Amino acid sequence: QVQLVESGGGLVQAGGSLRLSCAASGSIFRLNAMGWYRQAPGKQRELVATITKGGSTNYADFVKGRFTISRDNDKNTVYLQMNSLKPEDTAVYYCHADLATYRYWGQGTQVTVSS
């Protein structure tokens with residue numbers, strides 16, 4: 001079992017920045033990829049960014065150049081630095097962590113970007 005606790009969401013004006021954190025606990029010694037998805041009202045959940053245990057990253061095209069994913073394996077924590085935020089970035093952001101073939105999810109954190 002893996003538990004994920006997210007923090008760092010909130011309300012920010014367009015052009016501003018937020019940093020999301022997701023701390024993993026439990027059976028974490030075999031975790032592989034971690035990352036972030038988001039879901040806006042009325043839309044499907046979509047990939048934002050992922051990072052492997054070795055540090056390889058993958059980003060959705062709509063966040064390239066604005067968001068940066070990083071990971072601290074000693075703290076079992078993944079971060080998402082979000083800069084130049086746009087109103088269309090408004091969504092619930094979900095952290096995930098992969099253990100073998102199973103994907104664990106956090107409870108989600110709301111990010112709201114005002115225009």
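Points worth noting:
- Contact order for the chain, expressed relative to its length and based on alpha carbon pairs under 8 Å spaced 6+ residues apart, stands at 37 percent.
- Evaluating kT/(6 pi eta Rh) at 37 °C and 0.692 mPa s, with the Kirkwood radius of the chain over Cα pairs in the Stokes-Einstein relation, gives 234 µm² s⁻¹.
- Segment 29-115, accessible surface, carbon-and-sulfur percent (1.4 angstrom probe): 46
- Pair residue 27, residue 100: separation of 7 Å Cα→Cβ label points (nm): 0.6
- Cα gyration tensor shape of segment 20-78, rounded if a/c is under 1.5, else prolate or oblate by comparing a/b with b/c: prolate
- Stokes-Einstein D for segment 71-112, Kirkwood Rh over Cα pairs, 20 °C, 1.002 mPa s (µm²/s): 176
- Dipole in debye (nearest 20) - the chain, about Cα centre, beta carbon charges: Lys, Arg +1; Asp, Glu -1: 80
- Other residues within the sphere of radius under 10 Å centred on the Cβ of residue 60, judged by their own Cβ, net out at 0 (K and R +1, D and E -1).
- Average accessible surface area per residue within segment 1-67, 1.4 Å rolling probe, Å²: 55
The values are calculated or read from the model by the stated rules, or taken from the named source; none is laboratory data. Predicted model only: the values in this text are computed from it and were never measured. We place every Cβ from the backbone using ideal geometry, glycine too, and count neighbours over all the protein chains shown. When the accessible area is computed, the model is the full protein with side chains, heavy atoms only, and any ligands, DNA or RNA have been set aside. Shrake-Rupley method; radii C 1.70, N 1.55, O 1.52, S 1.80 Å.
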